[in-house]
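Structure, as structure tokens:
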Amino acid sequence: MAEALARHSMVKAAASAWTAVMNRYPELASEPIVAGWAHAGRPLIVRRPACSDVAGMIPLGLPLPPSHGKRRIAVSLAAADIVASAPPPLLADAAAAAPAHWRTTIDLLLQLLPETRTFGSLAWQHLTGLPYLTESSDLDLLWPLSSMAQAKTLPSAIAGIAKQAPMRLDGEITGPAGGVQWRELTGTDEDEVLVKSPTGVASMARAAFLAGAVS
């Protein structure tokens, strides 16, 4: 399962496995919202591995809402401890949790690419019902590429929407090699971009990333 879980995937941990994690890290268990996280059916997000992670374990993250210090907690679980997994939610599904003044921008983003997914504060508020969004929240998105025509036009189209948006648009355009921060892809074909994959970060020519994303 570790290989099948892409970065940003949302997973749910077995309650017994989460109890074991809390036993190993009593400082985390002292936070009631953390101790009861898996028992409440709330998800974790797949992240890139860190040097301190144990090989063979699935690296996971848990960002707490601002009311609990906006702390980012890193844990690792065995594949057997994961009881469910799914891609991050579609923007269309999470839109109901967004502030009203985001609606016009979200509508434009969905017209541009209905398959757009979200993984930041909006996603967490949608998935947990907890208050993650604030006045300064970004809208964190994933745009999957599916055609060469789309590859040529998507970065500039996102930039046009971002200029009028009431929030900062952040996130990555994704393909088989990984994800690239969308602003990096507004450059020229010769520009180098940083591609983030489940195992690390690598440099690649913009043209090569866009061509490989739809090959």
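Exactly one residue among Asp170, Asp189 is part of a loop (DSSP other than H, G, I, E, B) and of a type in the set (Asp, Glu), and that residue is Asp189. Could we say that Ala162 is touching a residue at least 12 places away in the same chain (Cβ under 8 Å) and either outside any loop (DSSP other than H, G, I, E, B) or under 17 Å from Pro65 (Cβ atoms) (or both) here? When the stated conditions are applied, Ala162 does not pass them.
In this entry, Met1 passes the filter for residues that are closer than 21 Å to Lys196 by Cβ, exposed (fewer than 14 other Cβ atoms within 10 Å of the Cβ), at pLDDT below 95 and in contact with a strand residue (DSSP E or B) (Cβ under 8 Å, 6 or more places away or on another chain). Scanning segment 111-119 finds one or more residues that are free of Cβ contacts under 8 Å to residues at least 12 places away in the same chain and either outside any helix (DSSP H, G or I) or exposed (fewer than 15 other Cβ atoms within 10 Å of the Cβ) (or both). Against the numbered list (1) buried (at least 20 other Cβ atoms within 10 Å of the Cβ); (2) among the hydrophobic types (A, V, I, L, M, F, W, C); (3) at pLDDT 95 or above, Ile161 comes up short only at (1). Looking at Lys152, is it assigned to a helix (DSSP H, G or I), surrounded by fewer than 18 Cβ atoms within 10 Å (Cβ to Cβ), modelled with pLDDT under 95 and among the basic types (Lys, Arg)? Spelling it out, Lys152 is indeed assigned to a helix (DSSP H, G or I), surrounded by fewer than 18 Cβ atoms within 10 Å (Cβ to Cβ), modelled with pLDDT under 95 and among the basic types (Lys, Arg).
Residue by residue, here is whether (1) at positive phi; (2) aliphatic (A, V, I, L, M); (3) modelled with pLDDT under 95 holds:
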{"residue": "Arg48", "(1), (2), (3)": "no, no, yes"}
{"residue": "Ile58", "(1), (2), (3)": "no, yes, yes"}
{"residue": "His68", "(1), (2), (3)": "no, no, yes"}
{"residue": "Ala86", "(1), (2), (3)": "no, yes, no"}
{"residue": "Leu91", "(1), (2), (3)": "no, yes, no"}
{"residue": "Ala94", "(1), (2), (3)": "no, yes, no"}
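Is at least one residue of segment 90-110 in a loop (DSSP other than H, G, I, E, B) and under 30 Å from Met57 (Cβ atoms)? No, because not a single residue in segment 90-110 is in a loop (DSSP other than H, G, I, E, B) and under 30 Å from Met57 (Cβ atoms). When restricted to residues that are part of a loop (DSSP other than H, G, I, E, B), modelled with pLDDT under 95 and not small (Gly, Ala, Ser), segment 9-38 contains 2. Looking across Gln125, Gln181, one residue alone is open to solvent by 10 Å² or more (accessible area, probe 1.4 Å) and touching a helix residue (DSSP H, G or I) at 6+ places or on another chain (Cβ under 6 Å). It is Gln125.
Looking only at segment 8-19, which residues are closer than 15 Å to Val83 by Cα and either surrounded by fewer than 16 Cβ atoms within 10 Å (Cβ to Cβ) or not charged (D, E, K, R) (or both)? Can you show your working first?
Step one: of segment 8-19, the residues closer than 15 Å to Val83 by Cα are 9-19.
Answer for segment 8-19, where residues must be closer than 15 Å to Val83 by Cα and either surrounded by fewer than 16 Cβ atoms within 10 Å (Cβ to Cβ) or not charged (D, E, K, R) (or both): Ser9, Met10, Val11, Ala13, Ala14, Ala15, Ser16, Ala17, Trp18, Thr19.
For residues that are in contact with a helix residue (DSSP H, G or I) (Cβ under 9 Å, 6 or more places away or on another chain) and over 16 Å from Arg168 (Cβ atoms), scanning just segment 99-110, find the one that is least open to solvent (accessible area, probe 1.4 Å). Taking the candidates together, the pick is Leu110.
Restricting attention to segment 184-215 and to residues that are of a type in the set (A, V, I, L, M) and touching a Ser or Thr at 6+ places or on another chain (Cβ under 7 Å), the residue that is least open to solvent (accessible area, probe 1.4 Å) turns out to be Val214.
Every condition in (1) open to solvent by 40 Å² or more (accessible area, probe 1.4 Å); (2) within 30 Å of Gly69 (Cα to Cα); (3) out of contact with any strand residue (DSSP E or B) (no Cβ under 8 Å at 6 or more places or on another chain) holds for Leu130 except the one numbered (1).
The values are calculated or read from the model by the stated rules, or taken from the named source; none is laboratory data. All of these numbers come straight from a predicted model, not from anything done at the bench. As a convention, Cβ positions derive from the backbone with ideal geometry for all residues, glycine included, and neighbour counts pool all protein chains shown. The area values use the complete protein model at the heavy-atom level, side chains included, leaving out ligands, DNA and RNA. Shrake-Rupley method; radii C 1.70, N 1.55, O 1.52, S 1.80 Å.
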